[in-house]
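Notes to accompany the following structure.
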Amino acid sequence: QVQLVESGGGLVQAGGSLRLSCAASGRTFSSYAMGWFRQAPGKEREFVAAVSGISTYYADSVKGRFTISRDNAKNTVYLQMNSLKPEDTAVYLCAATRGDSYVTARVYDYWGQGTQVTVSS
């Protein structure tokens, strides 16, 4: 069992930055690929980024602006978000999987509760 707790969300102006954190419980954190998804009101859950080993994956909409990283010693995954846009406004959720299709929400076994990110124009 893995429990995930996100933090770091908030209100920021367009062009600003935020760093989200996702702290995981359990001793097997390093064996999971970790992903970030987001969900805006009335929209489907959307893949943002994932990290598996030393490989990273990004949605085209965030490529070049967001960076995912992990610290296995701290059982934490991060999402550095720069050059934020109003369309980035959503609840951001982290998730863990032992699968290998990282852009697909259904392969993730564990989810956090999410943290709200609001970008004002």
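Computed from the coordinates by the stated procedures, all read-outs in this text should not be read as laboratory data. This structure is a prediction, so every number in the text was calculated from the model and none was measured. Reconstructed Cβ throughout: ideal geometry from the backbone, glycine too, with neighbour counts over all protein chains shown.
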Cα convex hull of region 20-68: how many Å³ per residue? 99
Percent RCO, i.e. relative contact order, over region 67-121, from Cα pairs under 8 Å lying at least 6 residues apart: 34
So if each residue of separation counts as 0.36 nm, and I subtract the Cα-Cα distance between Arg106 and Gln3, what length gain in nm does that give? 35.4 nm
Can you tell me how much longer the chain between Ile54 and Gln39 gets when fully stretched, taken as 0.36 nm per residue apart minus their C-alpha distance, in nm with one decimal? 2.8 nm
How big is D for region 37-120, in µm² s⁻¹ as a whole number, if Stokes-Einstein is applied with the Kirkwood radius of its Cα pairs at 4 °C and 1.567 mPa s? 97
With the dipole of the chain worked out from charges on the C-beta (+1 for Lys and Arg, -1 for Asp and Glu) around the Cα centre, which of Ser101, Gly42, Asn72 lies farthest toward the positive end? Asn72
The correct pair for region 64-110, radius of gyration to one decimal and Dmax as a whole number, both in Å and from Cα atoms, is 12.6, 34
Within the chain: Cβ-based charge dipole about Cα centre, in debye rounded to nearest 20 (Lys, Arg +1; Asp, Glu -1): 160
Note on region 19-121: contact order normalised by length, alpha-carbon pairs under 8 Å, 6 or more apart, percent, works out to 31
Which order do the peptides 7-20, 32-45 come out in when sorted by mean C-beta neighbours inside 10 angstrom, highest first? 32-45, 7-20
